[in-house]
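Each remark here refers to the structure printed beneath this line.
The values are calculated or read from the model by the stated rules, or taken from the named source; none is laboratory data. Predicted model, so just to flag it, every value in this text is computed and none were measured. Neighbour counts run over all protein chains shown; Cβ positions are idealised from the backbone, glycine included.
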Amino acid sequence: MSRTDFNTLLEAGAHFGHLKRKWNPKMAPYIFMEKNGIHIIDLHKTVLKIDEAAAALKQIAKSGRRVLFVATKKQAKEIVAEKVAAVGMPYVTERWAGGMLTNFPTIRKAVKKMATIDKMTNDGTFDNFSKREKLQIARQRAKLEKNLGSIADLTRLPAALFVVDVQKEANAVKEAKRLSIPVFAMVDTCCDPTDIDYVIPANDDAAKSIAVVVDAMCAAIAEGTEERRLEKEKEAQEAAANGEAAPKKEGKPRIKKAVKESYDAEEAAVADVVASVETPFEEPAELAAEEAKAE
C-alpha cells in the first residue's frame, strides 16, 4: 500500500513546479506538462518515489541508525521540527553550519560542552559562579542551543540525510556526498537531482506539500523503529525462556575502567567550561564564519 496517493498530493499542491525559464533539464523525467508557463510535476511518479524513499528510511530506522533532516526555509521549519521530533530523529531548521558533517568531531565537542553546562546547572555547580560568570555561561548555552540543540543526541554521523530544498541546502548535500552519506530530498523542477540518491519530485515551497512528504517519511521511520523494538523484546523473551546465563564476572574490571574514564572525562569537561569563563568559548570556525557572513 502506498504511503500517500495522487489526490492527497494534488490537494497539497505538490504538482506545481517553477516557471519554465527556471527549470533544470535534468528534471525532465519527472515533469508531466507545462501550463501557463509553469511546469507541472507528474504526481504518479511522485507517489512511486515517496514509496521508494520511505521503504529505504524504514530499513535505516529498523537497523537503529539515524536520519538527519535538514529544512531551514521558513515554510518548512515548524513542520519538520514537529514531525521529526515526534519520531526521535535529529533535525536542523535554523541554519546549516559548515562542517556539521565533515567536521563532526568539532561539532560534537560543542554539543558536549552544552551538555556539561546543563549538568552543572542540575548538580548545583553552577551556583558557585559569580553573577558575571553565570551570565557568560548562560549566553554560551543559548548560542549553542540555537545552532546545535536539535542534534544534541546525534552521537555519530547519520546514516542518511533528508533535505527539503536541494538548492537552499546545497552545502549540506555536498558534505553528505563527500562522506558517502545517502541523500533523500524533495526536488523541485528548478533543482539538479544529480547528487540526490532518492529523488522525490514535488513542490518544495508549499507548506502542505512539504507536510505530506515529511509525514510519509516520518511514518516509515516510526514503523521501522517499532519493528526494531518488537524484535529486541522478542530476543529478550527468547533468551529468558532458554535460561541463558548472565554475563560473566570477568567483565567487572572493564566496567570499572570505563566508569573511571567516564568520570575523568566529565571532570575535564567541567574544567573546560570553567576555563571558558576566563577565555570566551571558541565555537567551531565554520559556525563563526557563518555568523559573520549573516551579519
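For segment 57-69, filtered to residues that are surrounded by fewer than 19 Cβ atoms within 10 Å (Cβ to Cβ) and within 16 Å of the chain's Cα centre (by Cα), the residue that is farthest from D204 (Cα to Cα) is G64.
Do the conditions hold for D215, that is, is it over 13 Å from the mean Cα position of the chain (by Cα), in a loop (DSSP other than H, G, I, E, B), under 25 Å from D42 (Cβ atoms) and of a type outside the set (A, V, I, L, M, F, W, C)? It is false that D215 is over 13 Å from the mean Cα position of the chain (by Cα), in a loop (DSSP other than H, G, I, E, B), under 25 Å from D42 (Cβ atoms) and of a type outside the set (A, V, I, L, M, F, W, C).
Within segment 143-163, track down each residue that is at pLDDT 85 or above and either on the phi > 0 side of the Ramachandran plot or out of contact with any strand residue (DSSP E or B) (no Cβ under 9 Å at 6 or more places or on another chain) (or both). Within segment 143-163, T155, R156 meet the criteria. Residue pairs whose Cβ atoms lie under 7 Å apart, sitting 6 or more positions apart in sequence or on different chains, and linking a residue in segment 34-52 that is of a type in the set (D, E) to a partner that is surrounded by fewer than 20 Cβ atoms within 10 Å (Cβ to Cβ) and part of a helix (DSSP H, G or I), are E34/K20.
For segment 106-150, how many residues are of a type in the set (D, E) and under 18 Å from P90 (Cα atoms)?
So in segment 106-150, the residues of a type in the set (D, E) come out as 118, 123, 127, 133, 145.
Cutting the leftovers down to under 18 Å from P90 (Cα atoms) gives us 145.
Total satisfying the criteria: 1.
Note on segment 45-87: residues that are among the small types (G, A, S), closer than 18 Å to R228 by Cα and part of a helix (DSSP H, G or I) total 5. The residue of segment 119-136 that is farthest from V214 (Cα to Cα), among those that are in contact with a helix residue (DSSP H, G or I) (Cβ under 8 Å, 6 or more places away or on another chain) and surrounded by fewer than 20 Cβ atoms within 10 Å (Cβ to Cβ), is F129. Of all residues in segment 70-117, those satisfying the criterion of being surrounded by fewer than 17 Cβ atoms within 10 Å (Cβ to Cβ) and small (G, A, S) are A85, A86, G88, A115.
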